[in-house]
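Report on the following structure.
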Amino acid sequence: MKMISRRDFMKASAVVGAAGVLTACGGSSSSTAASSTAASSAASSAAASEAATGSANVGVCIYQFADNFMTLYRTDLEEYLKDKGYSVTIVDGKNDQNTQTEQINTFLQQGVDVLIINPVQTTSAQTIVDTISPSGTPIVFINREPEKAVLDSYAGKCCYVGADARQSGTYQGELILETETQGDINGDGKITYIMCKGDPENIDAQYRTEYSIKALTDADKEVECLYEYLDNWDQTTAQQDVANALAQYGEKIEVVFCNNDAMALGALQSIEQAGRTVGKDIYLVGVDALKEAVQNVVDGKMTGTVLNDDVGQATKAAEATQLFVEGKDVEEYYWVDYVKVTTENAAQYL
């Protein structure tokens, strides 16, 4: 049976009124690389004619192609930028800031019109701005939020498009509060949990960790953190850590919080291998609404996840880029809401 894809569903929702919202509110790696190389080769020789026709050359730096969510994001982003008639070059930072810095310098040498940057390290965002600003090239930061001072230092030529990670953490906590036991499976008046954390330098990981638990304590729930694991967004690492936690803490673990779905998928493997059943004797939540995670929510194998709207963010990033290309005013921040994904609404995101 053919069903509408998540991307098509979200695109239909995101595209309607996207430009109005922006002005009102603050393929495979190898094929991508091949088409990108061709695009950049033609860029310098065609610059004058492209400017005359309103087209532009856009350089996109992704922190790591291997990231599941950023794969969705960059695919959407490339599509929307090309729909606007822009030449697009997307490069893989391979989770190495030095590599990304070299790529940024290459883009500057090529004279791209706008740079879209998903920084490897948000702590390097100021250095990135300092490198780019002498050229006057506008910057659209995406997905990994720099400090406000970074954006202020290049005011009018720099913006951030993303989602407020505090909201995603809050939604994770609310998903637990909406369960039959409100997270307290054994009825002892206390919610005991473990936390699988992403990159400690990433503000999303920090906020999701903090605000998922804040949602519980704000509801006057007593909580106990058994352990926090630094799993750096990685499924295999999370699988190993959750297996160790289940062996060490056993039935004492009532909730497994994961800063993203990749880690939640790894956690689920260990939960099932340990003979535990999500929804019965343990709860599990993630963030991103990856297809496999959403299917697990439908099947009752995950308590819930939180949609990190790649389509909405890619749409706004493309619109912000267009504003820069056309020399129009650009706001400093463009926010996209998260969405709680539960058994009641999960099917629409498959």
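Points to keep in mind about this one:
- Backbone N atoms of segment 295-312 closer than 16 Å to the 7 Å Cα→Cβ label point of Thr343 belong to residues 295-305.
- Each of Asp164, Asp204 has its accessible area taken with a 1.4 Å probe; listed largest first, they run Asp164, Asp204.
- Counting 0.36 nm for each residue step from Thr217 to Ala66 and taking away their Cα separation leaves a gain of 50.8 nm.
- Accessible area of segment 120-178 belonging to carbon and sulfur atoms, whole % at 1.4 Å probe: 46
- Cα gyration tensor category, rounded, prolate or oblate, for segment 185-255 with a/c compared to 1.5: oblate
- Subtracting the Cα-Cα distance of Gln240 and Lys280 from their residue separation scaled by 0.36 nm leaves 12.2 nm.
- Accessible area of Thr71 in the full protein assembly, 1.4 Å probe (Å², nearest 10): 50
- With protein chains left intact and a 1.4 Å probe, residues in segment 78-136 average 43 Å² of accessible area per residue.
- By accessible area, using a 1.4 Å probe on protein heavy atoms only, segment 201-261 has 40% of its surface on carbon and sulfur.
- Segment 291-342: trypsin sites (Lys or Arg not before Pro) in DSSP coil with no more than 14 other Cβ atoms inside 10 Å: Lys328
- Area of Asp92 that stays accessible when all protein chains are in place (1.4 Å probe, Å², to 10): 40
- Where segment 170-326 is the region considered: accessible area per residue in Å², 1.4 Å probe: 37
- Solvent exposure, largest accessible area first (probe 1.4 Å, DNA, RNA and ligands not counted), of Leu307, Leu72: Leu72, Leu307
The values are calculated or read from the model by the stated rules, or taken from the named source; none is laboratory data. Keep in mind that what you see is a predicted model, and the values were worked out from it rather than measured. For neighbour counting, all protein chains shown are included, and Cβ atoms are generated from backbone atoms with ideal geometry for every residue, glycine included. Just the protein is used for accessible areas: all its heavy atoms, side chains included, with ligands, DNA and RNA removed. Shrake-Rupley method; radii C 1.70, N 1.55, O 1.52, S 1.80 Å.
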